[in-house]
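Everything on this sheet refers to the single structure shown next.
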Amino acid sequence: MPKKQVLILCTGNSCRSQMAEGLINHDLGDVWQAYSAGTRPSGYVHPLAVKAMAELGIDISGGRSKSTDEFKDAPLDVAITVCNDAAENCPVWLGQGQKVHIGFPDPADATGTQEEKMAVFRQVRDDIRVRVLDYLRQFQEKHTP
């Protein structure tokens with residue numbers, strides 16, 4: 001059976017969506033293929049996102065910030081937006097797939113010491129792992145014959 005396809009969307013495609021892509025492909029990769037993109041790609045994957053994922057043994061250092069344009073015709077099952085705040089330019093997805101919003105604060109906005117910033121990245125990473133992966137497991141159960 002072919003894998004289900006999910007696109008994780010946010011604005012910069014540097015933190016939340018990158019971590020979600022890595023978590024899905026690592027934890028649910030037998031059933032799901034995840035991709036991520038942003039409406040205004042930042043051009044990089046945030047180093048603290050890379051570090052937070054490496055703590056779980058997941059390497060996203062080879063990732064790149066991608067535009068939503070790359071996926072507009074992709075045969076997706078689900079498109080998930082992960083922006084948390086109405087002040088952010090959370091993308092409207094007009095492509096294929098069921099659309100759902102599961103919001104998280106942007107860890108790139110964290111302030112304080114390096115360790116305080118890392119704590120925010122870890123919290124967002126762990127919340128993504130629970131909420132997004134639970135949603136995809138439920139989606140799979142409902143949509144698998």
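Every read-out reported here was derived from the displayed coordinates using simple, explicitly stated rules and does not represent laboratory data. Please read these numbers as outputs of a predicted model, since none were measured by experiment. Methodologically, a virtual Cβ is constructed for each residue, glycine included, from the backbone with ideal geometry; neighbour enumeration extends over all protein chains shown.
So what is the relative contact order of the chain, in percent, for Cα pairs below 8 Å that sit 6 or more residues apart? It rounds to 26 percent for the chain. Shown in residue order for segment 31-39 are the 3J(HN,Hα) couplings computed by the Karplus curve 6.51 cos²θ - 1.76 cosθ + 1.60 at θ = phi - 60°: 10, 10, 10, 9, 9, 9, 7, x, 6 Hz (x for Gly and Pro). The distance between label points at Met1 and Thr111 comes to 4.9 nm (points 7 Å beyond Cα on the Cα→Cβ vector).
Of all the options Gly29, Gly112, Gly103, the one that moves most in a Gaussian network model of the chain with Cα springs shorter than 10 angstrom is Gly112. Full extension of the chain between Asp59 and Asp30 yields a length gain of 8.7 nm, computed as 0.36 nm times the residue separation minus the alpha carbon distance. Summarising the overall dimensions of segment 4-138 from its C-alpha atoms, the Rg and Dmax are 13.5, 42 angstrom.
Placing +1 on each Lys and Arg Cβ and -1 on each Asp and Glu Cβ, with no other charges, gives segment 1-143 a dipole about its Cα centre of roughly 220 debye.
Note: segment 1-52, Cα convex hull, 58 Å³ per residue.
Computed from backbone phi, the HN-Hα couplings of segment 6-13 come to 10, 10, 9, 10, 8, 7, x, 6 Hz, rounded to whole numbers (Karplus: 6.51 cos²θ - 1.76 cosθ + 1.60, θ = phi - 60°; Gly and Pro given as x).
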